[in-house]
Amino acid sequence: MDANEILKRLATLHLELANEIASEAGRCSSSELSAVAFDGEGDTIYFLDRIGEDRLIDALSDLAAKEPILLVAEGISGGELVLPRGADRDGVRWRIIMDPIDGTRGLMYQKRPAWILSAIAPERGEETRLSHIVAAVQTEIPLHKQFCFDQIVGDAQGGLVSRRHVRREYCDVIDVDPLSCSLKPSRATGLEHGFAQISRFIPGGRDILASLDEELIEAVVGPPVAGKALVFEDQYLSTGGQLYELMMGHDRFIADLRPLLAGPLAERGQAHSLCCKPYDLCTAVLAQRAGVIISDARGQKLDGPLDVRADLAWVGYANASLRAKIEPVLISILSRRGLI
């Protein structure tokens, strides 16, 4: 199998999962969907997560019947699994890293869509990294009340396609223009009257992150003006969702800096909070192909091991003008505070 053949199968699987999970969410109550299945190594696994993961293993086992693959995903014991089960790892040529439901917490309470994230890289053992990804796909898992959802696919030749799909139960009554899902990162040169934020959506250093956000926005835009709201924020509890917002032109700047707080939190005697993982960022390549600029907290190329353990900080800019205006200020603030 080549990467594009795997990608085609994954994209179809995504669509099936998005439809199934959306329908299941409509049949279950929020209390059922939010029941804790177990506390995993990197995160809590909820009942809703299990809906996607069980279906995923079955479908990928069928794909792997043709050629073994290595699946890397949250919720799997040890973080990885050779499929079909019992196959020799030495025969694996491709690694698939996935987050079956990125944004579980928002979806299980029917607050906001979640995302299925998948990426494909040549298998290089422990040396396999984000930078080795050659193809990826991310698919929106809609709220039960939504009739359509978006999918973004990037093939092994560097192509990028975005499509809007109608949920299965509405296909006979709804017509959707696929052009309505065109990717257009913002061309704004400033943050005024736009969305920009530093992620701080879970407890653990939120006061530090909020103060960074305040200092950065004031340095870039100026001090707050009485009675005015010049910059807005959107704490979307899904990395795939955040990337989508940048690709669609909804957000201009996003930074997830949680891994930088390990030192300050340790000094307080507090545990380090949950951080972004490689499976959360496995579709960053799609945003980059769309024109979004993604870097690490130091302004360097975003990279990391393609596993379930590494903590990754990342920064996204909708365009080069915004990067030129924001990045020097951000790096200066982080350096002065001893965070990089």
(request) Would you check if there is a residue in the range 58-70 being modelled with pLDDT of 90 or more, open to solvent by 20 Å² or more (accessible area, probe 1.4 Å) and over 21 Å from His144 (Cβ atoms)? (result) yes
(message) Among the residues that make up the range 248-259, is at least one of them small (Gly, Ala, Ser) and under 21 Å from Ile294 (Cα atoms)?
(response) yes
(request) Using the structure shown, decide if Ile116 is within 25 Å of Gly78 (Cβ to Cβ), hydrophobic (A, V, I, L, M, F, W, C) and within 12 Å of the chain's Cα centre (by Cα). (result) yes
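To keep it simple, each residue is scored yes or no on (1) in contact with a Gly (Cβ under 8 Å, 6 or more places away or on another chain); (2) small (Gly, Ala, Ser); (3) assigned to a loop (DSSP other than H, G, I, E, B).
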residue: Leu237; (1), (2), (3): yes, no, yes
residue: Gly241; (1), (2), (3): yes, yes, no
residue: Ala255; (1), (2), (3): yes, yes, no
residue: Leu260; (1), (2), (3): no, no, no
residue: Arg289; (1), (2), (3): yes, no, no
(message) Given the condition in contact with a His (Cβ under 8 Å, 6 or more places away or on another chain), buried (at least 21 other Cβ atoms within 10 Å of the Cβ) and modelled with pLDDT of 95 or more, answer yes or no: does some residue in the range 278-294 qualify?
(response) no
(request) Confirm whether Glu215 is in a helix (DSSP H, G or I) and open to solvent by 50 Å² or more (accessible area, probe 1.4 Å). (result) yes
(message) Out of everything in the range 264-277 that is assigned to a helix (DSSP H, G or I) and open to solvent by less than 40 Å² (accessible area, probe 1.4 Å), what residue ends up being farthest from Ile331 (Cα to Cα)?
(response) Leu265
(message) Residue under question is Ser273, and the condition is that it be touching a residue at least 24 places away in the same chain (Cβ under 8 Å) and in contact with a strand residue (DSSP E or B) (Cβ under 9 Å, 6 or more places away or on another chain); does it hold?
(response) no
(request) Mind telling me which of the residues Ile326, Ile294 ends up being closer than 19 Å to Arg200 by Cα, touching a strand residue (DSSP E or B) at 6+ places or on another chain (Cβ under 9 Å) and in contact (Cβ under 8 Å) with a residue 60 or more places away in the chain? (result) Ile326
(request) Among the residues of the range 311-340, write down those that are open to solvent by less than 20 Å² (accessible area, probe 1.4 Å) and within 23 Å of Tyr244 (Cβ to Cβ). (result) Leu312, Ala313, Trp314, Val315, Gly316, Tyr317, Ala318, Asn319, Leu322, Ile326, Leu330
(message) Checking Ser180 against (1) open to solvent by 70 Å² or more (accessible area, probe 1.4 Å); (2) of a type outside the set (A, V, I, L, M, F, W, C); (3) modelled with pLDDT under 95, only one condition comes out false. Which one?
(response) (1)
(request) Starting from the range 111-125, keep only residues that are farther than 19 Å from Phe149 by Cα, then list their pairs with residues that are assigned to a strand (DSSP E or B) and among the basic types (Lys, Arg) whose Cβ atoms are within a distance under 7 Å, requiring at least 6 positions of separation or different chains. (result) Ala121/Arg95; Glu123/Arg95
(message) Please pick out the residue among Phe195, Phe147 that is closer than 25 Å to Ile293 by Cβ and either aromatic (Phe, Trp, Tyr) or touching a residue at least 24 places away in the same chain (Cβ under 8 Å) (or both).
(response) Phe195
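The values are calculated or read from the model by the stated rules, or taken from the named source; none is laboratory data. Computed from a predicted model, the values in this text were never measured in an experiment. Here the Cβ is made from the backbone with ideal geometry for all residues, glycine too, and neighbour counts use every protein chain on show. Side chains included, ligands, DNA and RNA excluded: accessible areas come from the protein's heavy atoms. Shrake-Rupley method; radii C 1.70, N 1.55, O 1.52, S 1.80 Å.
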